[in-house]
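Read through the structure below, which is laid out as structure tokens, and then see the notes.
The values are calculated or read from the model by the stated rules, or taken from the named source; none is laboratory data. If you're wondering where the values come from, they're calculated on a predicted model, not measured in any experiment. Cβ sites come from the backbone with ideal geometry, for glycine too, and all protein chains shown count toward neighbours. Surface areas here come from the heavy atoms of the whole protein model, side chains and all, with no ligands, DNA or RNA. Shrake-Rupley method; radii C 1.70, N 1.55, O 1.52, S 1.80 Å.
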Amino acid sequence: MQVFGLVGNPVEHSLSPPMHEAAYAELGLDARYVTFEPSRADLATAIRGAEALGVAGLNVTIPFKQDVLSLVDADDLATRIGAVNTIDFSGEAVTGHNTDVAGVRRSFSYHDVPLAGQDAVVVGAGGAGRAGAFALADAGSNVDIANRTVETAEAVAADVGPAASPHSLDDLPGLLDDADVLVNATSVGMEEDRSPVPADALHGELAVLDAVYSPLRTKLLRDADAAGATTIDGAWMLLFQGVAAFELWTGHDAPVPSMNEALRDRL
Ligand code: NAP
């Protein structure tokens, strides 16, 4: 039996176990997906221990995505972003990858939204904002990053490179006028029924991805629907980061509909 898992703190409410185990059931793989909650002080020992025990792969979530970078052989993308969310133990070296970027990119491609040559706006510059900005820039979009703390947007834009520019939240209406793609990567909309974007700045030419997945129909997505925009909820991003990790670990095409159903059943 192969063992996969998730390392983070806390992880008890994670949706990854049912999502991955739906894929194992669908493809008849003898595998399990379990969660681990080490302390930060024990993280390096936990990863070496997983390797020694023959764990096949680990996802990594908050608060360890940056810490893991120095504990594995991180690939180019994970190194550029500065965060690892997937560890692969199958090769000679223990390798680190970032499938959050694929989560953003594949959410758009699954909904037939092109990214090459598009004008994109990312609101937020934390972990999800970095993944969004790198995904969109690497796919060929020009990316405007708007954040409450402008200095953080400046740091992310500098890491992404010339395709990205930093802004304050006040710039959003002007930026959205000509934009094709919008990603909300702030936590606004999660605790309260609020949107980080003024409703009257949205329009029908936009494709809007909200990284928030609880609730699924955020105020931003309801406002975007009302403006005639294409809307993509945060469960798609969560799904496709898991799909990309599954495919990296197993070499199989992921059974996306089964994984999606298992995820949405629990949201
Ligand atoms: P994070 O690193 O803590 O970043 C939070 C971001 O939200 C920062 O840009 C922060 O701005 C901004 N923010 C927080 N409160 C705000 C407010 N009241 N007004 C304006 N901006 C505010 O968090 P994260 O990991 O990037 O997660 C952000 C959201 O994405 C969460 O809802 C999380 O659940 C979701 N997420 C979803 C997925 C998925 O797969 N769907 C993956 C990762 C994260 P400052 O820099 O100014 O503090």
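Being away from the ligand (no atom under 11 Å from the Cβ), open to solvent by 40 Å² or more (accessible area, probe 1.4 Å) and either assigned to a loop (DSSP other than H, G, I, E, B) or of a type in the set (F, W, Y) (or both) is the filter here, so list the residues in the stretch 149-166 that pass it. If the condition is that a residue be away from the ligand (no atom under 11 Å from the Cβ), open to solvent by 40 Å² or more (accessible area, probe 1.4 Å) and either assigned to a loop (DSSP other than H, G, I, E, B) or of a type in the set (F, W, Y) (or both), then P162 is the only one that fits. Evaluate the following for T230: is it more than 9 Å from the ligand (Cβ to nearest atom), among the β-branched types (V, I, T) and in contact (Cβ under 8 Å) with a residue 40 or more places away in the chain? It is true that T230 is more than 9 Å from the ligand (Cβ to nearest atom), among the β-branched types (V, I, T) and in contact (Cβ under 8 Å) with a residue 40 or more places away in the chain. Mind listing whichever residues of the stretch 169-187 are within 14 Å of the ligand (Cβ to nearest atom), in a loop (DSSP other than H, G, I, E, B) and either without any contact (Cβ under 8 Å) to a residue 12 or more places away in the chain or open to solvent by 40 Å² or more (accessible area, probe 1.4 Å) (or both)? Result: S187, single match. For the residues V94, V113, the requirement of being surrounded by fewer than 21 Cβ atoms within 10 Å (Cβ to Cβ), out of contact with any Phe, Trp or Tyr (no Cβ under 9 Å at 6 or more places or on another chain), more than 25 Å from L182 (Cβ to Cβ) and of a type in the set (A, V, I, L, M, F, W, C) singles out V94. Among the conditions (1) under 20 Å from the mean Cα position of the chain (by Cα); (2) touching a residue at least 24 places away in the same chain (Cβ under 8 Å); (3) open to solvent by less than 10 Å² (accessible area, probe 1.4 Å), the only one that V143 does not satisfy is (2). Go through the residues of the stretch 7-21 one by one and say whether even a single one is over 17 Å from the mean Cα position of the chain (by Cα) and assigned to a helix (DSSP H, G or I). Within the stretch 7-21, one or more residues are over 17 Å from the mean Cα position of the chain (by Cα) and assigned to a helix (DSSP H, G or I). With respect to the conditions (1) surrounded by fewer than 19 Cβ atoms within 10 Å (Cβ to Cβ); (2) part of a helix (DSSP H, G or I), Y24 lacks only one, and its number is (1).
On inspection, T218 qualifies as at pLDDT 95 or above, in contact with a Ser or Thr (Cβ under 9 Å, 6 or more places away or on another chain) and among the hydroxyl-bearing types (S, T, Y). Scan the stretch 46-62 residue by residue and report those that are surrounded by 12 or more Cβ atoms within 10 Å (Cβ to Cβ) and either hydroxyl-bearing (S, T, Y) or in a helix (DSSP H, G or I) (or both). A46, I47, R48, G49, A50, E51, T61, listed by residue number.
Pick from the stretch 218-227 the residues that are away from the ligand (no atom under 14 Å from the Cβ) and within 19 Å of Y110 (Cα to Cα): which of them is surrounded by the fewest Cβ atoms within 10 Å (Cβ to Cβ)? Outline the logic, then answer.
First, pick out the residues of the stretch 218-227 that are away from the ligand (no atom under 14 Å from the Cβ): 222-227.
Within this subset, residues satisfying the condition of being within 19 Å of Y110 (Cα to Cα) are 224-225.
Details: A224: 27, D225: 14.
Top of the filtered list is D225.
Residue under question is V121, and the condition is that it be farther than 30 Å from F4 by Cβ, buried (at least 20 other Cβ atoms within 10 Å of the Cβ) and without any contact (Cβ under 8 Å) to a residue 24 or more places away in the chain; does it hold? For V121, the condition - farther than 30 Å from F4 by Cβ, buried (at least 20 other Cβ atoms within 10 Å of the Cβ) and without any contact (Cβ under 8 Å) to a residue 24 or more places away in the chain - is not met.
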